[in-house]
Amino acid sequence: MRISEFRHAFVTGGASGFGLAIANAMAGHGVRVTLADVDEEALAAVQAERGELFRTSVLDVRDREGWREARARAEVDFGPVDLLFNNAGIGPDGSELADMSPESFDRMIAINLTGVLNGVSTFAASLRDAGRGHIASTSSMSGMAADNAGLGSYGPAKFGVVAMMEVLRREMEPFGVGVSVFCPGTTATNLIASTRRFGSDRFPEEASLLDLPVKPEQLAPAILRGIEENRLYIFTHTERRAAVEERFAGIMAGFDAA
Amino acid sequence: MDLSQAKHAFITGGASGLGLGIADALARRGVAVTIADINEDSLKEVLATRGNQFRGVRLDTRDRENWQKAKAEAEAAFGPVDILVNNAGISPNGREFADMDPESFDRILAINLVGIVNGIFAFGADMRERGNGHIVNTSSQAGLTAGIPGVGAYSVAKFGVTSLSEGLRVEMEPHGVGVSVLCPGYVQTNLGANTVKIGGDIRQYTAAMPESDVTPADVGEMVAEGIEQNAAYILTHKDVWPGVEKRMNAIKAACDYRRNA
Ligand SMILES: NC(=O)c1ccc[n+]([C@@H]2O[C@H](COP(=O)([O-])OP(=O)(O)OC[C@H]3O[C@@H](n4cnc5c(N)ncnc54)[C@H](O)[C@@H]3O)[C@@H](O)[C@H]2O)c1
Ligand SMILES: NC(=O)c1ccc[n+]([C@@H]2O[C@H](COP(=O)([O-])OP(=O)(O)OC[C@H]3O[C@@H](n4cnc5c(N)ncnc54)[C@H](O)[C@@H]3O)[C@@H](O)[C@H]2O)c1
C-alpha cells in the first residue's frame, strides 16, 4: 500500500523520538495521524506546535480500557484507523536479571510487550474485516541479538515483539493486511529520559542518547518505505548484522550436537 | 558443570513429560531432585514410584512468595540447589491474535515466560554468590522460529525465554554459573491435557501434535549432557534447523537490503 493511500495512522509513543518522526513523515504524505502517548505534557507541546496535522490522545499502552476509548475518540475525528504503529516503549535500566526487582521486570514486559499486544487486540480484527491496512511495531536490534549484560528484561520484551509480528504477519496475510517489525539500533531520542520518568525505579545513568549522530527523522523514510513495500523486517542499523550472524552460528552449533 | 559434583536439582514442571525425563536423567547421575509442580496428583504419582532421592513440592511458578517457600523447603531437605531447571509450561492456545482473549495471552506469558524469570529471581543471586551452578530454561522450537497461526502467544513467550537465557548466560558467565536454553521439537507428553487442567484456553492444538520418536527420557539425557558441557543451546530435533536457517537468511537479506539502499 502506498503511504498516501493510508487515511488514518495511530502511533503510540507518538509524542517523542521515533513515534514523532514517523508521524511527521506520514503527515508529509497527507495521512491524518493520532499521536498516543502517556506523556501528557509532551503531547500538549506537539499539539500546540502542529495541531492542524495531528490529534493527540493520552494513553498508557498498558491500559486495555484506555485503548478502547482512545480508539473510539480517534476514529470519531479521523475515521477508521488503517495504520497502527505500536512504538511506545521504555529502555533497559542496566539491571542484571539476578538483581532486578520483579516489579521492574513486570513493568518492562507490560509496556514493551503486552502494550503491543493491546494495540493488536484493539485493531487487528477491524483491519482484517476491512481487508486492508498495516500493523507495524517497534522492536529493536535487541530483538534480534541481546548479547550484552544489563539488558535484563528488554531483550525478552523485544524478542517477543518480533515473534508477535512474525506470527501476526502469517495470520493477516490472507486478508490483505500487512505487518512489519522495525528493529532500530541506538538513535538520538529521549528514550533515557522517558525511561527515567515512566519506566524505572533504578534510574538509568544521566546519560542521554540525544547527542548520537543518527536522528530518528533520518530513518523515517526507510521506515515508511518498509511499510509501503510490506517488508517483515525493517532494519536501519546494519552494523549489528555481525552480532545477529554470530547468534545464529551459536544456534547452528547446537544443532550439530542434536 | 561436572555432574558428579552436583548435589541438588530443582525442576519445575517436574512431575510430567520433559521435566520428569530430566529429573530421572539427573537422578541416575546421583543428583538429588526436587520436583516442583502445580499438579499435586501427578507429584504423588511420581513420588510413589521413585526412591528417596526424589522430593516433591507443590509450586505454581507464577506465585513469587510460593517460590521462596518452595526453595526453603527444598534446601532444608537436600541442601543448596546447584541446578535449576525452569521447565513448567503450558501449550499454545490455538488462537489468532485478532481473536485472542488478552487474558489468554496474559496466562501464557505469566506461566511460560514470567514463571521462568521467577525461578531466576529465587535462585540466581545465590548461585552467583557461590560461584557455582547451572540454570536450564525450557523454551521450544517456537522460541527459535515463529510463524504458525494460532501459536502466536506461545511463540512470544518462548522467544522471550530464548532471549532471557542468552542474556542471563552473558551475565552469569563471569561468576561461574552456566546457562542453557532447551529448545525441543515435538515430544509426546501430557502438555495438552495438563494445560486444560490448569484452566488454559486451548483449541485445535493438542490433537495436532505430530508423532515423534524422541522421548522425554531422550530429552533428559540430552539435557544432562548439555549441563555437563555448558551448552548454550540444547536442541533435540535436527529437523528444526531448516526453519531456523530460513529465518536467518530472511533476516540477513533484510539487513543487506538496507545496506544497499
Ligand atoms: N532510541 C533508541 O536508541 C532505540 C533503539 C531501539 C529501539 N528503540 C525503541 O523505540 C521505541 C520508541 O522509543 P524512542 O527511542 O523514540 O524514545 P522516546 O522516549 O523519545 O519515545 C518513546 C515515547 O513512548 C512514550 N511511552 C513510554 N511509556 C509509555 C506507555 N506506557 N504508554 C504510552 N506511551 C509511552 C514516552 O512518553 C515517549 O514519548 C521504543 O519502543 C524503544 O524501545 C529505541
Ligand atoms: N512436548 C513438546 O512437544 C514440547 C516442545 C517444546 C517445548 N515444550 C515445553 O516443555 C515444557 C514441559 O512441557 P511438557 O511437554 O513436558 O508437558 P507436560 O504437561 O507433560 O509437563 C509440564 C508440567 O508442568 C506443570 N505446570 C504447568 N503449569 C505450571 C505452573 N504454573 N506451575 C508449576 N507447574 C506447572 C504441569 O502440571 C506439568 O506437570 C513446557 O515449557 C513446554 O512448553 C514441550
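The values are calculated or read from the model by the stated rules, or taken from the named source; none is laboratory data. In this text, all values refer to a predicted model and were calculated from it rather than measured experimentally. Cβ sites come from the backbone with ideal geometry, for glycine too, and all protein chains shown count toward neighbours. SASA here: full protein model, heavy atoms, side chains in, ligands and nucleic acids out. Shrake-Rupley method; radii C 1.70, N 1.55, O 1.52, S 1.80 Å.
Could you go through region A:228-236 and let me know if any residue there is outside any loop (DSSP other than H, G, I, E, B) and without any contact (Cβ under 8 Å) to a residue 24 or more places away in the chain.
no
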_Quick check on region A:238-258: of everything there that is open to solvent by 20 Å² or more (accessible area, probe 1.4 Å) and in contact (Cβ under 8 Å) with a residue 24 or more places away in the chain, which residue is farthest from the other protein chains (Cβ to nearest Cβ)?_
A:E246
*If you go through region A:157-174, how many residues are under 12 Å from B:G150 (Cα atoms) and among the β-branched types (V, I, T)?*
1
*Return only the number of the condition from (1) in a loop (DSSP other than H, G, I, E, B); (2) over 14 Å from the mean Cα position of the chain (by Cα) that A:A88 does not satisfy.*
(2)
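Considering only helices (runs of 4 or more DSSP H) fully contained in region B:176-261, which possess at least 3 residues that are open to solvent by 40 Å² or more (accessible area, probe 1.4 Å) and away from chain A (no Cβ under 14 Å)? Break it down into steps so the answer makes sense when it comes.
Working: elements: B:191-197, B:216-228, B:241-260.
Filter on region B:176-261 gives B:191-197.
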_Residue list for region A:214-229, restricted to those being within 11 Å of ligand 1 (Cβ to nearest atom) and either at positive phi or open to solvent by 40 Å² or more (accessible area, probe 1.4 Å) (or both)_ = A:V214, A:K215
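Out of B:E96, B:E103, B:E65, I need the residue that is more than 18 Å from B:A157 (Cα to Cα) and either open to solvent by 10 Å² or more (accessible area, probe 1.4 Å) or among the aliphatic types (A, V, I, L, M) (or both). Which one?
B:E65
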*How about region A:96-212: which helices (runs of 4 or more DSSP H) wholly inside it have at least 3 residues that are among the aromatic types (F, W, Y)?*
none
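If I filter region A:70-84 for residues that are under 26 Å from B:G147 (Cα atoms) and outside any loop (DSSP other than H, G, I, E, B), do I get at least one hit? Can you show your working first?
Let us first name the residues in region A:70-84 that are under 26 Å from B:G147 (Cα atoms), namely A:81-84.
If we keep only those that are outside any loop (DSSP other than H, G, I, E, B) too, we end up with A:83-84.
Looking for residues that are under 26 Å from B:G147 (Cα atoms) and outside any loop (DSSP other than H, G, I, E, B), one finds at least one in region A:70-84, hence yes.
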*Give the residues of region A:188-237 that are more than 14 Å from chain B (Cβ to nearest Cβ) and among the hydroxyl-bearing types (S, T, Y), sorted by residue number.*
A:T189, A:S194, A:T195, A:S200, A:S208
*For region A:122-132, enumerate the residues that are open to solvent by less than 40 Å² (accessible area, probe 1.4 Å) and either within 7 Å of chain B (Cβ to nearest Cβ) or among the aromatic types (F, W, Y) (or both).*
A:F123, A:A124, A:A125
